[in-house]
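Working notes for the structure below.
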């Protein structure tokens, strides 16, 4: 069964349907090219849970992606997050990298602490 799932995963990666231009914002860029990965990390000394976040530009062509906005609810942190890296502008609207571009393959990381993790997903981008 694991063998079948692995084969299916490989087949999906090679599928000509993946990367269909219908979801593209520009010729070489899509909000799907930005991946947000979040994981638990060591809690603060006070016991408040902490989380690490990585935001990656996975674009395989020569595309820089800027004005990355993330759906983030009422995001807040008891641990200071550099506002140039990630900040909440309004409810459910956080800005990544102060609006500046992430180059292809570039990863931006930060940690935050709160009693729960916030669901984070890319809502919009601008392509260059």
Exercise. Could you give the length gained on full extension between residue 124 and residue 46, defined as 0.36 nm per residue of separation minus the Cα-Cα distance, in nm?
Worked result: 24.5 nm
Exercise. Quick one: if you stick a label point 7 Å off each Cα along the C-beta vector at residue 76 and residue 38, how many nm between them?
Worked result: 1.6
Exercise. Taking every eigenvalue of the Cα gyration tensor of the range 24-127, multiplying by 5 and rooting it, what semi-axes result, largest first, whole Å?
Worked result: 26, 13, 11
Seminar exercise, completed: The exposure ranking of 40, 46, 126, fewest beta-carbon neighbours within 10 Å first, is 46, 40, 126
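We did not get these values from a lab; they are worked out from the coordinates using the rules stated. It should be emphasised that the depicted structure is a prediction, and the values quoted were computed from it without experimental measurement. Using ideal geometry, Cβ is built from the backbone for each residue, glycine included, and neighbour counts are taken over all protein chains shown.
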